[in-house]
Amino acid sequence: MEMMRNTAKLLWLLMIFSDIVPFSCEKSMRERAIELMQDARLIDGHNDFVLQLRILYQNRLSRVNLRELNRTHTNLVKLQAGYVGAQFWSVYVLCSAQNKDAVRLTLEQIDVVKRMCNSYEELELVMTSQGISDSRRIACLIGIEGGHSIDSSLATLRMYYDLGVRYMTLTHSCNTPWSESSSKGIHNFYPSVIGLTAFGQEVVKEMNRLGMLIDLSHTSYSTAKAALNISKAPVIFSHSSAFSVCNHSRNVPDDILQQLKKNKGIIMVTFNADVLACGRKVVNISTLADHFDHIKEIAGSESIGIGGDYDGVERFPEGLQDVSKYPSLIEELLRRGWNETELKGVLRENFLRVFREVENHTSVTSKWNHFMVWRNCGCPSIAVWLCSLGQEGMLTPANQFNSCHGIGLLFKRLLP
Ligand SMILES: [Zn+2]
């Protein structure tokens, strides 16, 4: 009798523990993910919600409450539940608008982002890395998806920058007169363009000069390689994944991931199920996490960010149906052994580092331009001497620029 009682007790204890132990582990992983995200709120590289505002509401914000809208993957309550701290709103117009009304349509999409972000207290329009760091709300940033939006005009590109655009994807699913897309056979624009033309290279240099991030998602491999070779600042893929895990033309092959690592840029991994799974029926968080693991192995965790592509495509992995679900991914990566520093990088710090470098590159470029103007018009001997100090390694490039810039300013003041 006693033995039976002990066996029953043991069974009872086993039943309780088999329920409790996995449950408490699960819970603590979830808690760790949430704590991490409270500390490092996500900067997401790509969301097509404003395209939905055009399709569903013709951009009339008065017709819709963005807090509780449920026809889309995105609303303000869900963004907060997903610990989103900054969102790049994609300004996208169809390739069919190329050479027609693409510029007007792009301006209308920029307008709706600005109106949206100015009319909800949860949101705040920012244009700098510092703006993201300072914001306690959801920082709004603007990215143009597709080089056809500039209508082959550098002046238009510069005006977009003035309006607050901080990245441009060089192509969408169509070639432009100056850049080749990864999509073949969808549109018939400029089929003979390969990689970047001479004008395409000027676009990249002008983006460097302006301090606009160069986005290589949707570009062909030749375009991506050319841009990585030319760009003096880090670049991004705002929403792409790993070609070695799923051989989709939207994904990035290992040799380009290695080039990206050298460039110190980042790939913001997309949640688009079709790009993740290559036709597999079951696509879940684990499928997505495989892409993260692979990219980490090839390029390091410091080359990774997140670009969900919500409201841009139909299908997402199970458990990641909308913008409130980001914590589930972080939970899975914790479970796979990613440490907190790596994950804070993925959530936020890696992108901020890239953005700062792109901004700093502009200030160095403008100092250099100032120095060149000064050198050409005034004091060649001092300039040549400073250059020689730089070449001999006695001045770092930054100090060289600063000295030149300082003397240049002084010289300018002394001149009538
Ligand atoms: Zn896209």
Residue tally, condition of a type outside the set (A, V, I, L, M), away from the ligand (no atom under 16 Å from the Cβ) and touching a helix residue (DSSP H, G or I) at 6+ places or on another chain (Cβ under 9 Å), over the stretch 252-280: 11
Residue within the stretch 332-340 that is among the small types (Gly, Ala, Ser), out of contact with any Phe, Trp or Tyr (no Cβ under 6 Å at 6 or more places or on another chain) and touching a residue at least 24 places away in the same chain (Cβ under 8 Å) present: no
Residues located in the stretch 67-91, provided they are of a type in the set (D, E, K, R) and either in contact (Cβ under 8 Å) with a residue 24 or more places away in the chain or closer than 24 Å to Glu31 by Cα (or both): Arg67, Lys78
Which listed residue is part of a loop (DSSP other than H, G, I, E, B) and within 16 Å of the ligand (Cβ to nearest atom), from Ser249, Ser238: Ser249
Scope the stretch 37-46; condition out of contact with any Ser or Thr (no Cβ under 6 Å at 6 or more places or on another chain) and within 14 Å of the ligand (Cβ to nearest atom); matching residues: Asp44
Among the candidates Glu359, Glu349, residue that is surrounded by fewer than 24 Cβ atoms within 10 Å (Cβ to Cβ), away from the ligand (no atom under 16 Å from the Cβ), charged (D, E, K, R) and closer than 15 Å to Asp44 by Cα: Glu349
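Quick one: which residue in Val313, Val283 is within 16 Å of the ligand (Cβ to nearest atom), buried (at least 17 other Cβ atoms within 10 Å of the Cβ) and over 20 Å from Ile266 (Cβ atoms)?
After ruling out the rest, the residue left standing is Val313.
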Unmet criterion (only one of (1) over 27 Å from Leu56 (Cβ atoms); (2) of a type in the set (A, V, I, L, M); (3) surrounded by fewer than 19 Cβ atoms within 10 Å (Cβ to Cβ)) for Ile330: (3)
Selected residue (only one of Gly211, Gly195, Gly200 is out of contact with any strand residue (DSSP E or B) (no Cβ under 7 Å at 6 or more places or on another chain), within 13 Å of Thr176 (Cβ to Cβ) and at pLDDT 95 or above): Gly195
Unique match (being free of Cβ contacts under 8 Å to residues at least 40 places away in the same chain and within 21 Å of Ala102 (Cβ to Cβ)) among Thr171, Thr197, Thr156: Thr197
Yes/no for Asp290 being within 15 Å of the ligand (Cβ to nearest atom) and at pLDDT 95 or above: no
Residues (among the polar types (S, T, N, Q), within 25 Å of Ile43 (Cα to Cα) and more than 14 Å from the ligand (Cβ to nearest atom)) located in the stretch 199-235: Asn208, Ser231
Failed item in (1) buried (at least 21 other Cβ atoms within 10 Å of the Cβ); (2) within 16 Å of the ligand (Cβ to nearest atom), with Leu79 passing the rest: (2)
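Could we say that Arg67 is part of a loop (DSSP other than H, G, I, E, B) and more than 16 Å from the ligand (Cβ to nearest atom) here? If you could, list the steps in order and put the result at the bottom.
On the way: part of a loop (DSSP other than H, G, I, E, B): yes; more than 16 Å from the ligand (Cβ to nearest atom): yes.
Considered against the rule, which asks whether it is part of a loop (DSSP other than H, G, I, E, B) and more than 16 Å from the ligand (Cβ to nearest atom), Arg67 comes out as yes.
The values are calculated or read from the model by the stated rules, or taken from the named source; none is laboratory data. Please read these numbers as outputs of a predicted model, since none were measured by experiment. All Cβ positions, glycine included, derive from the backbone under ideal geometry; neighbour counts span all protein chains shown.
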